[in-house]
Amino acid sequence: MIRNPWRHNEPLDHAELARLLPPPADPRLAADRQDLLEEYLMSEIHQSDRAPAGAATTGAPAASPARRPLRRAVLFATPVAAAAALAAVVSVGGSPGTDTVAAPALVKAPVVQIEEGSTVQLASTVREIAAAATARTTPQPGPGQFIYIKSRVSFMSTRNNVDTGESTTWVQPLHDREVWKSPDGTKGWLDEPGYQDKGGITLDNNEPRKQLTYAWLAAQPTDPDALLKSVYATVSGDRDHDQQAFNEIGSVIREQLVPAGLAAALYEAVGRIPGVVVVEHAQDVSGRDGIALARLDPQTGERSEWIFDRESHQYLGSRGVQVREFNGVKPGTVVERTTIVTRAIVDAKNQRPGAGQATV
């Protein structure tokens, strides 16, 4: 669709505009996906503020114009306001004299054999994971300290050719992601080289989310049923509430510290969410074969898998596998991968753990 910029009264071609835009999605996000979207928008704003006009992105070869990879939160459940904000943001690569880093080129998404999940061993698997979590010593952050989590991650971006209707699924190359969070959620920092400015961006917030922070978790009951009720109270909207509850707990497991005494209740609560299954074989980003607690999102067809070591039952990371085709993403496509490298308590934001500092 080409419009003459000088003819302000030229009407919009609504039919073609509808063809170019993706179909509207549910306007509500799970909390973990909303956090990722907010961090992405912050990083884009930082980069666009620093960039000269006309700077271009780097990315994977595709039929549509190159753009920086978006997190899965942006692709499948983007609120209308957030979508408008994304449309207004200019994605840029690095340029001389700035601290901005060009995003690495995308790579083809891996494809795996889909293994069916089962509830046959769900109760026993949850008990073993809960017992292992209880047995581990968890340090408690003190005043002024931060929860530090380093992980290796890869998220999806889909490129669409509007002329042919073809789409190709790409993912970010595996890369480091470091997050610092104050226990009350008011302060934080994110460093994800290649996807934010050099050194990272602030996550400080004068009005933080009160839910799912360390302080919020520490105040929760250790009875699984009461805890699950508390988690369900954080979800809303028309999206599947069971999936939202599963995602909420997943965000805690992935980038938060679970207070001692709550870990067992957290996993036992997960086992009581309808639709949760055990996947006997799921590989983390290092190729380690583990056992997974998983749930299929009925809206997107993606199965979120939390992978645990088969012997120690320690959490290794997560994987998102497309089970049912959605928006051109084929079944078996691995759309998301994360793994925990380090989880620790540090004394200051931007500080990395060293000798003598507590790790989990």
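Could you count how many residues in region 118-161 are of a type outside the set (Val, Ile, Thr) and in a strand (DSSP E or B)?
12
For residue 360, the criteria (1) in contact with a Pro (Cβ under 7 Å, 6 or more places away or on another chain); (2) modelled with pLDDT of 95 or more hold in every case but one, which is (2). For region 192-201, the condition of being among the β-branched types (Val, Ile, Thr), in contact with a helix residue (DSSP H, G or I) (Cβ under 6 Å, 6 or more places away or on another chain), touching a residue at least 40 places away in the same chain (Cβ under 8 Å) and closer than 18 Å to residue 340 by Cβ holds for none of the residues. The residues of region 226-243 that are closer than 14 Å to residue 271 by Cα, crowded, with 17+ Cβ neighbours inside 10 Å and out of contact with any helix residue (DSSP H, G or I) (no Cβ under 7 Å at 6 or more places or on another chain), listed by number, are 242, 243. Scanning region 244-287 for residues that are modelled with pLDDT of 95 or more, over 16 Å from residue 217 (Cβ atoms) and open to solvent by 20 Å² or more (accessible area, probe 1.4 Å) yields 271, 272, 274, 275, 277, 280, 281.
For region 202-216, indicate whether the set of residues that are at pLDDT below 90 and among the basic types (Lys, Arg) is non-empty.
So far as region 202-216 goes, yes, one or more of its residues are at pLDDT below 90 and among the basic types (Lys, Arg).
Scanning region 118-137 for residues that are of a type outside the set (Lys, Arg) and open to solvent by 30 Å² or more (accessible area, probe 1.4 Å) gives 118, 119, 120, 121, 123, 124, 128, 131, 134, 135, 137.
The values are calculated or read from the model by the stated rules, or taken from the named source; none is laboratory data. Here the structure is a predicted model, which means the values were calculated and not measured. Counting neighbours? That spans all protein chains shown, and the Cβs are built from the backbone with ideal geometry, glycine included. Just so you know, the surface numbers come from the protein's heavy atoms only, side chains and all, with ligands and any DNA or RNA stripped out. Shrake-Rupley method; radii C 1.70, N 1.55, O 1.52, S 1.80 Å.
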